[in-house]
1. Express in nm, to one decimal, how much length is gained between Leu145 and Ile46 on full extension, taking 0.36 nm for each residue of separation and deducting their alpha carbon distance.
2. In deg cm²/dmol and to the nearest 500, what is the mean residue ellipticity at 222 nm of the chain if only DSSP H runs of at least 4 residues count, each as -39500 (n - 2.57), divided by the residue total?
3. Using a Cα-Cα cut-off of under 25 Å, which lysines could be cross-linked to Lys104, ignoring same-chain neighbours fewer than 8 residues away?
4. Just checking my list (1) 12.5; (2) 11.7; (3) 11.2 against mean projected area of the Cα convex hull in nm² computed from this structure; which label fits?
5. If we count other beta carbons within 10 Å of each Cβ, what is the order of Phe86, Phe68, fewest first?
6. About its Cα centre, what dipole magnitude does the range 2-100 give when the only charges are +1 on Lys and Arg Cβ and -1 on Asp and Glu Cβ, stated in debye to the nearest 20?
7. Label Val100 and Ile76 with points 7 Å out from Cα along Cα→Cβ: what is the distance between them in nm?
8. Which residue, chosen from Leu80, Ala43, Ile11, occupies the Cα position most advanced towards the positive end of the dipole of the range 2-100, where the dipole is computed from +1 (Lys, Arg) and -1 (Asp, Glu) charges on Cβ about the Cα centre?
Amino acid sequence: MIIYGIKRRLITGILLSLMAALGFGLSAVLVKAGMSSVSVKTATVISLISSTVVTMIVAFLLHYEEIFSLSPVAFIWFILAGLITFLGGRFLNFHAISLVGASKASAVVSATPLFAAILAVIFLDENIGVMLGIGTAMIVFGITLVVIQE
């Protein structure tokens, strides 16, 4: 029964990750289409406002008590993560999309696991196994192929 639960969590996690990847891919295409008439800064502001409103509504509807029971330290970590990804990451990603296109920018942004693995080892004392190491190397190789093509 425990193994079934672990497999179910793994499959659910993979499906959710694939859905997120689909969402990010769709977002890159929509951003490229939308930026034909506005600047990167304007696109970022519009995206941030719409994302914030939707996220806040869903979060408070589904997790009101949990949000208000967060420890101050956890709240600060989440605020920092939000500032880095929502503001910094989104603006830089939109700018990259405007310069090199949705597919190439998204391929490079897919280096996320590389940075996550390195930072997790440094800050969270996680271990990189053989499979994660091979997968990370493949990501770097794939990104290199995408970037050097013309």
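1. Result: 32.4 nm gained on full extension.
2. Value at 222 nm, helices only: -28000 deg cm²/dmol.
3. Lys32, Lys41
4. Identified label for the calculated read-out: (2).
5. Fewest to most other Cβ atoms nearby, the residues stand as Phe68, Phe86.
6. 300
7. Taking the two extended label points, one gets 3.5 nm.
8. Ile11
No value in this document is a laboratory result; all are computed from the given coordinates. Predicted model, so just to flag it, every value in this text is computed and none were measured. Backbone-built Cβ (ideal geometry, glycine too); neighbour counts: all protein chains shown.
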